[in-house]
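Participant: Questions regarding the structure given below will be posed in turn.
The values are calculated or read from the model by the stated rules, or taken from the named source; none is laboratory data. All figures in this text were calculated on a predicted structure; none of them were measured in a lab. No Cβ is skipped: glycine too gets one built from the backbone with ideal geometry, and neighbour counts run over all protein chains shown.
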Amino acid sequence: MATTGRQPMHRNRRNMMTALAGLTLAGVMPARAANWPQGPQTFVVPYTPGGGTDMLARALGQTVGLKLGTSVIVDNRSGAGGNIGAALVAHDNSNSKWLFTTNSIAISASLYKGLNYSIEGDLVAVSMITKSPLLLVVPGSGRIRTLEQLIELSKAKPDGLNYGSTGVGSVTHLGSALLVKTLGIKALHIPYKGASQITTALLANQIDFAMIGTPGAVPSLRQGTLRLLGVMGDYLPPGIAEAPLLSKQYPELHVEIWQAVFAPKSMPRAAVQRMHTEVQAVLKDSSVARTIAADGAVPLTLSQAGSAKFIAEDIERYRKILAVLKLGAT
């Protein structure tokens, strides 16, 4: 294993759709990677170590490395809503760096002005990995057991409720803000640095509710320290036997977290195809499948072109959500 300072391990919008076609192999440079890989590969994770995306990158990378015959290193480059790590990969020419990220990158495309990279112009979608719905949770020690009771509590509090997210513009922020607007309640947004901090704040009754991903929620739900009020999707994730599907009552309340691998546009075509093939094969590996299921997620087995289409459509969907929430480019 490599042991550098990094941690080892193991969608108008016709123009946009046209540009996102660049996320398919046709937009990648001609194949010139007959001998690829020629050295260790790096999954750049634009989040802090220990989170769900980081841990999945490590589990996936270890097996992908074995298939590639080289080591795969995780390089955590957190900051700026995931844009620091994304820019690093977007401008890389080493044929060895891959972006292992979430749909925060699809949100950033519309949320921020002046980014020093373009998801449509500088990156190639290699492979989708997983998806999971956001979960609406409250402290397990509290009296709130249903969505209706949460709405009543908001009416009873003169200043309204407060909720936590993993940062301004994050998918947990947008999911929560969409919930607040849809329900017509008053709530103050309190951003945190990660899902673990949100859980801590909930347990200390410092916030009233949160929309969080399944990796951070499932263990606490099993322990009873958090209570699940609803699932922001049209399916129950692994590990959740019973819960209201919010989208049945409120169709707009359907927000998921997905994970995917991207490459810089300079990455040779053959390398992109090889990485897609190996990632998709690893998703069928029993140990990786168990890791994904334990996180309450489901694998996304899509072609490379299908992955690009999925992401293009999500970018457009988040543009519409941001417009509804009046969270324009900053």
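Participant: From the set of residues in region 70-81 that are of a type outside the set (A, V, I, L, M, F, W, C) and at pLDDT 95 or above, which is farthest from the chain's Cα centre (by Cα)?
Facilitator: 70
Participant: Against the definition (buried (at least 16 other Cβ atoms within 10 Å of the Cβ) and closer than 19 Å to residue 64 by Cα), how does residue 299 come out, yes or no?
Facilitator: Against the criterion (buried (at least 16 other Cβ atoms within 10 Å of the Cβ) and closer than 19 Å to residue 64 by Cα), residue 299 qualifies.
Table: residues versus (1) outside any loop (DSSP other than H, G, I, E, B); (2) under 16 Å from residue 150 (Cβ atoms).
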site: 179; (1), (2): yes, yes
site: 193; (1), (2): no, no
site: 200; (1), (2): yes, no
site: 205; (1), (2): no, yes
site: 210; (1), (2): yes, yes
site: 220; (1), (2): yes, no
site: 227; (1), (2): yes, yes
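Participant: Also, I was wondering about something else. Could you tell me whether residue 206 is assigned by TED's automatic domain parsing to the domain that holds residue 100, surrounded by fewer than 19 Cβ atoms within 10 Å (Cβ to Cβ), more than 17 Å from the chain's Cα centre (by Cα) and modelled with pLDDT of 95 or more?
Facilitator: The answer is no for residue 206.
Participant: Taking the condition loosely packed, with under 15 Cβ neighbours inside 10 Å, in the same structural domain as residue 314 (by TED's automatic domain parsing) and more than 21 Å from residue 48 (Cα to Cα), does residue 113 pass?
Facilitator: yes
Participant: Take region 229-240 and flag every residue that is in contact with a helix residue (DSSP H, G or I) (Cβ under 8 Å, 6 or more places away or on another chain) and in a loop (DSSP other than H, G, I, E, B).
Facilitator: 233, 234, 237, 238, 239, 240
Participant: Return the residues of region 82-115 that are among the basic types (Lys, Arg) and modelled with pLDDT of 95 or more; say none if nothing qualifies.
Facilitator: 97
Participant: Scanning for something in the same structural domain as residue 280 (by TED's automatic domain parsing), in contact with a Phe, Trp or Tyr (Cβ under 7 Å, 6 or more places away or on another chain) and under 19 Å from residue 297 (Cα atoms), does region 61-82 turn up at least one residue?
Facilitator: Within region 61-82, one or more residues are in the same structural domain as residue 280 (by TED's automatic domain parsing), in contact with a Phe, Trp or Tyr (Cβ under 7 Å, 6 or more places away or on another chain) and under 19 Å from residue 297 (Cα atoms).
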